Amino acid sequence: MRKLLLLITTVALMSCQESLEERCAREAEEYTKKNCPTLVTQDITLDSMTFDKKSHTIGYCYTVSGEIDDSTVINSNNPRERLLEQVKNTPNLKLYKDAGYNFRYVYFSEKNNGTKLFDATFRKKDYQ
């Protein structure tokens, strides 16, 4: 009887655990609801964090304003290289990097009604 009860408890606990995909989707949604929009720097606001289960991509959507609200200015600062270094060096992303997830960063213009200024996706081959 004890073995049966232990087996039932173990199966119940295992079925209650969420997958990494489910966890990532839940955390992205919770983070967005709780923290967004949030000012990252003077002219950059994080609007949302997303997760696409199909492509295993964690997305960060930003709005830029002020002097940097210009694609020429954004692209002149090597954003791809800077963001890639951030992905490589952020300890909180380790679990997702170990699972081979992708990371996407999209920047939109405030003054031009949400025009996309920059879009980069980093895959496992980029950050390892």
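Summary of values
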item	result
Residue check for D98: without any contact (Cβ under 8 Å) to a residue 40 or more places away in the chain and more than 14 Å from the chain's Cα centre (by Cα)	yes
Residue satisfying all of: in the stretch 116-128; within 19 Å of V64 (Cβ to Cβ) and free of Cβ contacts under 8 Å to residues at least 24 places away in the same chain; farthest from the chain's Cα centre (by Cα) among these	K116
Answer from R26, R104, R82 - the residue that is surrounded by 15 or more Cβ atoms within 10 Å (Cβ to Cβ) and either under 27 Å from Y127 (Cβ atoms) or modelled with pLDDT of 95 or more (or both)	R104
Residue count for the stretch 78-117, restricted to those that are of a type in the set (S, T, Y) and under 13 Å from I58 (Cβ atoms)	4
Search result, residues across the stretch 85-98 that are among the aliphatic types (A, V, I, L, M) and within 16 Å of T121 (Cα to Cα)	V87, L93
Residue list for the stretch 118-128, restricted to those being in a helix (DSSP H, G or I), over 13 Å from I58 (Cβ atoms) and open to solvent by less than 80 Å² (accessible area, probe 1.4 Å)	D126
Condition check for E22: outside any loop (DSSP other than H, G, I, E, B), of a type in the set (D, E) and within 10 Å of the chain's Cα centre (by Cα)	no
Leading residue by the ranking (least open to solvent (accessible area, probe 1.4 Å)) among those in the stretch 50-75 that are farther than 28 Å from R26 by Cα and of a type in the set (D, E)	D69
Residue identified as β-branched (V, I, T) and exposed (fewer than 13 other Cβ atoms within 10 Å of the Cβ) among T90, T115	T115
Number of the exception - N112 against (1) of a type outside the set (S, T, Y); (2) in a loop (DSSP other than H, G, I, E, B); (3) under 12 Å from the mean Cα position of the chain (by Cα)	(3)
Residue tally, condition part of a loop (DSSP other than H, G, I, E, B) and open to solvent by 60 Å² or more (accessible area, probe 1.4 Å), over the stretch 29-49	2
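The values are calculated or read from the model by the stated rules, or taken from the named source; none is laboratory data. Remember, it's a predicted structure, so these values are computed and weren't measured experimentally. Every residue, glycine as well, gets a Cβ built from its backbone with ideal geometry; the counts of neighbours run over all protein chains shown. Accessible surface areas use protein heavy atoms only, side chains included; no ligands, DNA or RNA. Shrake-Rupley method; radii C 1.70, N 1.55, O 1.52, S 1.80 Å.
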